1. Show the residue pairs that are 6+ apart or on different chains and have beta-carbon atoms under 6 Å apart, the first residue being within the stretch 1-30 and among the small types (Gly, Ala, Ser), the second being surrounded by 13 or more Cβ atoms within 10 Å (Cβ to Cβ) and not in a strand (DSSP E or B).
2. Is it the case, given these coordinates, that Leu68 is touching a residue at least 40 places away in the same chain (Cβ under 8 Å) and under 20 Å from Asp12 (Cβ atoms)?
3. Touching a helix residue (DSSP H, G or I) at 6+ places or on another chain (Cβ under 9 Å), closer than 25 Å to Cys108 by Cβ and touching a residue at least 60 places away in the same chain (Cβ under 8 Å): is that true of Ile38 in this structure?
4. Given (1) small (Gly, Ala, Ser); (2) in a helix (DSSP H, G or I); (3) modelled with pLDDT under 95, identify the lone condition not met by Gly44.
5. Answer yes if at least one residue in the stretch 3-10 is part of a strand (DSSP E or B), more than 16 Å from Glu94 (Cβ to Cβ) and in contact with a His (Cβ under 8 Å, 6 or more places away or on another chain), and no otherwise.
6. If you go through the stretch 91-114 one residue at a time, how many are more than 15 Å from Ile59 (Cβ to Cβ) and part of a loop (DSSP other than H, G, I, E, B)?
7. Which one is surrounded by the fewest Cβ atoms within 10 Å (Cβ to Cβ) among residues in the stretch 77-118 that are within 18 Å of Ile42 (Cα to Cα), among the small types (Gly, Ala, Ser) and without any contact (Cβ under 8 Å) to a residue 40 or more places away in the chain?
Amino acid sequence: MTTGIYKIVFFDASHRLLHYEGKCRNLHGHRWKVEVWIEGEIDGTTNILVDYNTIKGVIERFDHQVILNEADPMVDCLTAFQTVITTPGDPSSEMMAERIHDMLAAECRINGSNARIKKIRVWESPTCCADRTYDNQ
């Protein structure tokens, strides 16, 4: 029997979109909201599909971080003062959804879970979000 779970996690982080012509080209921060849908077979011993704290822990790796395109010249400047998380392209909400998916999928594999991430929704403001849906995992 397949079981589904849902989790919301918030984090605060700054980013900028290097290849965007507009205000988001400037470094700025958001209160990000991430929604995660996971399904699979629950563990027969624990009766848990994926620990909610595992999901939270993966997403909170972004909390209070600067997230930049790996090609952004600002990376070298900021790394003298703090850690910078880089992405292989502009860290849009679409890119962040994909990055979070990959991190969660890796964590599930490490923990021996058969869980499948079905959907990730990343909000970078109360009115703007990106959905990534995964049908064939």
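1. These pairs meet every condition: Ala13/Phe62; Ser14/Leu27.
2. Details: touching a residue at least 40 places away in the same chain (Cβ under 8 Å): yes; under 20 Å from Asp12 (Cβ atoms): yes.
Yes.
3. Numbers: touching a helix residue (DSSP H, G or I) at 6+ places or on another chain (Cβ under 9 Å): yes; closer than 25 Å to Cys108 by Cβ: yes; touching a residue at least 60 places away in the same chain (Cβ under 8 Å): yes.
Considered against the rule, which asks whether it is touching a helix residue (DSSP H, G or I) at 6+ places or on another chain (Cβ under 9 Å), closer than 25 Å to Cys108 by Cβ and touching a residue at least 60 places away in the same chain (Cβ under 8 Å), Ile38 comes out as yes.
4. Going through the list (1) small (Gly, Ala, Ser); (2) in a helix (DSSP H, G or I); (3) modelled with pLDDT under 95, Gly44 breaks only (2).
5. First, pick out the residues of the stretch 3-10 that are part of a strand (DSSP E or B): 3-10.
Right, trim to more than 16 Å from Glu94 (Cβ to Cβ) and you get 3-10.
Those still in the list that are in contact with a His (Cβ under 8 Å, 6 or more places away or on another chain) too: none.
No; the residues of the stretch 3-10 include none that is part of a strand (DSSP E or B), more than 16 Å from Glu94 (Cβ to Cβ) and in contact with a His (Cβ under 8 Å, 6 or more places away or on another chain).
6. 5
7. Filtering the stretch 77-118 down to residues within 18 Å of Ile42 (Cα to Cα) leaves 104-118.
Then drop every residue that is not among the small types (Gly, Ala, Ser), which leaves 105-106, 112-113, 115.
Next, only the ones that are without any contact (Cβ under 8 Å) to a residue 40 or more places away in the chain stay: 105-106, 112.
On the way: Ala105: 18, Ala106: 11, Gly112: 7.
The qualifying residue surrounded by the fewest Cβ atoms within 10 Å (Cβ to Cβ) is Gly112.
A quick yes/no check of all residues on (1) within 16 Å of Ile5 (Cα to Cα); (2) not charged (D, E, K, R):
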site	(1), (2)
Glu98	no, no
Ala115	yes, yes
Lys119	yes, no
Ala130	no, yes
Tyr134	yes, yes
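The values are calculated or read from the model by the stated rules, or taken from the named source; none is laboratory data. Fair warning: this is a prediction, and the values are worked out from it, not measured in the lab. Using ideal geometry, Cβ is built from the backbone for each residue, glycine included, and neighbour counts are taken over all protein chains shown.
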